[in-house]
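What follows is a single structure, written as structure tokens, with notes after it.
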Amino acid sequence: MLNHCWGFLGPGLILSQADAGGVGLTHYLVVSALVFGLGILIIVTRRNAVAVLMGIELLLNAAGLNFVAFSKFSCVDRTEGQLVTIFVIVIAAAEAALALAITLNIFNILNTIDVDEARSLKG
């Protein structure tokens, strides 16, 4: 028998595996939303540049979790989400290296990594 995988979000997605007792798509989306919200909270409330970078990493990890979750519960090719997530991880690593280099340069000039103090570098 063919599995058509019709769910609430349209063809190709399974929202939950409640009859099997497993973890469904909704669980992954809730965890991803919590991680994304925590990242936004860190970015908004912290003034430390390293903490802001950690918040940005949380945002990117939440997006990667969504890609993998939707890839797992779709009936088509299951590797697309993992490939996009690997690409996001590579971009996040490059972003972190560049941002840390900029943060170190700011620290060398101002002796602080407070993002509000970095505005004084504006010409």
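What the table shows:
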{"item": "Pair list, Cβ under 6 Å, 6 or more apart: region 57-71 residue surrounded by 18 or more Cβ atoms within 10 Å (Cβ to Cβ), other residue outside any helix (DSSP H, G or I)", "result": "Ser71/Arg78"}
{"item": "Candidates Val31, Val23, filtered to the one that is of a type outside the set (Gly, Ala, Ser) and at pLDDT 95 or above", "result": "Val31"}
{"item": "Residue match in region 92-110 (condition: modelled with pLDDT under 90, under 16 Å from Val31 (Cα atoms) and either over 19 Å from the mean Cα position of the chain (by Cα) or of a type in the set (D, E, K, R) (or both))", "result": "no"}
{"item": "Residues of region 73-87 satisfying the condition of being among the aliphatic types (A, V, I, L, M) and part of a loop (DSSP other than H, G, I, E, B)", "result": "Val76"}
{"item": "Within region 42-72, considering residues that are outside any helix (DSSP H, G or I) and charged (D, E, K, R), the one modelled with the lowest pLDDT", "result": "Arg47"}
{"item": "Only listed residue being surrounded by fewer than 18 Cβ atoms within 10 Å (Cβ to Cβ), under 30 Å from Val23 (Cβ atoms) and touching a residue at least 40 places away in the same chain (Cβ under 8 Å), chosen from Val50, Val88, Val115, Val76", "result": "Val76"}
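The values are calculated or read from the model by the stated rules, or taken from the named source; none is laboratory data. Quick caveat: nothing in here was measured; it's all calculated off a predicted structure. Cβ: placed from backbone, ideal geometry, glycine included. Neighbour counts: every protein chain shown.
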